[in-house]
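J.: Dropping the structure in here first, questions after.
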Amino acid sequence: MKTNVAFKVLISVIVIGCAGLAFSDTDQTKHEVNVKKARVWPGDKYIYIATSIAGISQAKLWGDPYAMEHYGFLAKIAASTKVQLHTHRNDIGYVVISGTYLYGDGINEQRLGPGSVIYIPAGFKHTHGAATECVVYEEAVGKTDTTMVK
């Protein structure tokens, strides 16, 4: 029963996020809203590209996480990957799609499975990684970064 509820939450978050994009997608040069562009991402077509953080690769869905815009991507995190305590300059939302995601606040760590939703406000110190290979959906607005905490 819990799995069904988690799955429904996951699907709702993705559908609402994608629906919101259809109405908020803007052409940067014309500043016009594009409501006629449907977006479909077949699961077998993702192209994951390595990031600067070992063990993490990304499949871009839309936008650019390194520019000042709305973006969404899938992150694949290799088993046993651990990113030490860090912050981001923007609020970020995550949904665990598969595997076991590790999330911590520097004191406590949680193991989160598929359907888990994480919201991290800008500047919040946290850690993350994967106990088993996992895929998470990430969505945010604005230029992102990763600043390690010493």
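J.: Just one of (1) closer than 28 Å to VAL40 by Cα; (2) surrounded by 17 or more Cβ atoms within 10 Å (Cβ to Cβ); (3) in contact with a Gly (Cβ under 9 Å, 6 or more places away or on another chain); (4) among the hydrophobic types (A, V, I, L, M, F, W, C) trips up VAL141, so point out which.
T.: (2)
J.: Looking at ASP44 and the list (1) more than 15 Å from the chain's Cα centre (by Cα); (2) modelled with pLDDT of 50 or more; (3) outside any helix (DSSP H, G or I), which single condition is not satisfied?
T.: Failed condition: (3).
J.: In region 53-74, what residues are at pLDDT below 90 and among the hydroxyl-bearing types (Ser, Thr, Tyr)?
T.: TYR66
J.: While we're looking at this one, here's another question. Just one of the numbered conditions (1) under 16 Å from the mean Cα position of the chain (by Cα); (2) of a type in the set (A, V, I, L, M, F, W, C); (3) at pLDDT below 85; (4) surrounded by fewer than 17 Cβ atoms within 10 Å (Cβ to Cβ) is not true of PHE23; which one?
T.: (1)
J.: A further question on this structure: Please identify the pairs in which a residue from region 112-129 that is without any contact (Cβ under 8 Å) to a residue 24 or more places away in the chain has its Cβ atom under 8 Å from the Cβ atom of a residue that is part of a loop (DSSP other than H, G, I, E, B), counting only partners at least 6 apart or on another chain.
T.: LEU112/THR100
J.: Separate question: With the condition being under 16 Å from SER57 (Cα atoms) and in contact with a Pro (Cβ under 9 Å, 6 or more places away or on another chain), I'd like the strands (runs of 3 or more DSSP E) fully within region 86-148 carrying at least 2 qualifying residues.
T.: Where strands (runs of 3 or more DSSP E) fall fully within region 86-148 and carry at least 2 residues being under 16 Å from SER57 (Cα atoms) and in contact with a Pro (Cβ under 9 Å, 6 or more places away or on another chain), they are 92-98, 134-141.
The values are calculated or read from the model by the stated rules, or taken from the named source; none is laboratory data. It should be emphasised that the depicted structure is a prediction, and the values quoted were computed from it without experimental measurement. When we count neighbours, we look across all protein chains shown, and the Cβ atoms used for this are built from the backbone with ideal geometry, even at glycine.
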